[in-house]
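Presented below is the structure to which this report refers.
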Amino acid sequence: MTDATPTAPALTELLKDAPTNWGKWGDDDEVGALNYLGAEQVLAAVRLVSAGKVFTLQRLIGDPKGDPVWPGRTPAVRTQVLDESDWDEGGKGAAFPGGLHYADDKIDAYLQGSTQYDALGHLWYDGKIWNGYDARSTVGGLEKASVLPIAERGIVGRAVLLDMARFRGKETLDKGETFTHEDLEQCAAAQGVELRKRDILIIRTNFLQLFHEQGDAFYEGFNEPGLVYSPELVQWFQDMEIPNLVTDTIANEVTYDPNNGVALVLHSALMRNLGVTLTEIADLEKLAADCADDKRYEFLYVAAPLKVAKAAGTPVNPVVIK
Ligand code: UVW
């Protein structure tokens, strides 16, 4: 994947005055803005549960219709290692006392190849990752700000769904379509939900529906829709103390900023600089349909990313409870 605009400014220049939270939670912090989610936030979120409705937000791994991944990554491959045929005559199935047979399988997958949490050290510029750690600490596996401390902590809080596709009256947002924090506020107002400090933001674009509809053409001129960088938007995330941004796109934001051509500016401004955790490729369709139905866009959100040592990201099946 190449930069769409050769004249795009360097991130060091674009973000030279941007806020950071480096050091805010100590010199050894590895979970960033998740520090905003304390016992008070957990208890307030639990009190939102009233209907007993449960939604899981992970996309299917090994979807027969294909798994959408970031260009250059490959979808997961699941391999059957053992099944009943291994106990056919001459098969490799072991003869267990009592006659036990079993099935085994394995998976070869990008840790960022499905619904996932990014580690805060997943992406950087200027030789420094989250909290100012040296980017050389990523060599051979993340020694600092890997996804493990995030997985060990878990994520629980009040989340709000912002259904940008429905708000704009569209089945899906378009390639490269952008929106701002002001659009998020207008969407929340139209949905009748209050955005509060320390909310987990879940944004629906339904863009990945086009992956299934368009086949290979989906990747031509790849440019996902999403939030677009501005200093005001970054300040809004900072003032709102947003701990976690969850989207149904592969990379959480418009891929190429239409104002300057820079790729994934918000990964740098929000994740590297503010420590906001990013959750990508969520499946929001059932949840969004239910919210449109019961008009309740706030709920308890719980996520337990897998614990993988030194990893830059890890799969997750977040759970929403209304
Ligand atoms: C990149 O940052 C390249 O990928 P993602 O955040 O989508 O895993």
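The values are calculated or read from the model by the stated rules, or taken from the named source; none is laboratory data. Note that this is a predicted model, so its numbers are computed, not measured. Reconstructed Cβ throughout: ideal geometry from the backbone, glycine too, with neighbour counts over all protein chains shown. What goes into the accessible areas is simple: the full protein's heavy atoms, side chains included, and nothing from ligands, DNA or RNA. Shrake-Rupley method; radii C 1.70, N 1.55, O 1.52, S 1.80 Å.
Given the DSSP H assignment, sum -39500 (n - 2.57) over each helix run of at least 4 residues in the chain and divide by its residue total; what's the result at 222 nm in deg cm²/dmol, nearest 500?
-4500 deg cm²/dmol
Determine the share of the chain's accessible area contributed by carbon and sulfur atoms, expressed in whole percent, with a 1.4 angstrom probe.
Working: 7350 of 14440 Å².
Reported share for carbon and sulfur atoms: 51 percent.
Taking only the C-alpha atoms, wrap a convex hull around the chain and report its volume per residue in Å³ as a whole number.
Working: hull volume 55.7 nm³, N = 322.
Spread over its residues, the Cα hull of the chain gives 173 Å³ apiece.
Which lysines does Lys65 reach when only Cα atoms under 19 Å apart count, and residues fewer than 8 places away in its own chain are ignored?
Lys286
Grab the beta carbon distance between Asp83 and Asp17, set R0 = 41 Å, and tell me the FRET efficiency rounded to 0.05. Present the calculation step by step, with values, prior to reporting the outcome.
Numbers: r = 59 Å, r/R0 = 1.44.
So the FRET efficiency works out to roughly 0.10.
Any idea how far the Cα center of the range 127-165 sits from the one of the range 177-192, in Å?
Cα centroid of the range 127-165 versus Cα centroid of the range 177-192: 26 Å apart.
Report the gain in length on full extension from Tyr219 to Glu152: 0.36 nm times residue separation, minus Cα-Cα distance, nm rounded to one decimal. The partial results should precede the final answer.
Numbers: separation 67, 0.36 × 67 = 24.12 nm, distance 3.47 nm.
Residue separation times 0.36 nm, minus the Cα-Cα distance, leaves 20.6 nm.
Run down the lysines and flag those whose C-alpha is under 22 Å from the C-alpha of Lys310, throwing out any fewer than 8 positions away in its chain.
Here the lysines satisfying the reach criterion relative to Lys310 are Lys106, Lys128, Lys144.
Just for the chain, what percent of DSSP beta bridges are antiparallel, to the closest 5? Write down the numbers at each step before the final one.
Working: 26 of 40 bridges.
Antiparallel bridges make up about 65 percent of those DSSP assigns within the chain.
Per residue, how much accessible area does the chain show when a 1.4 Å probe rolls over the protein heavy atoms, in square angstrom? Mind dumping the intermediate values first?
Details: 14440 Å² over 322 residues.
I get 45 Å² per residue for the chain.
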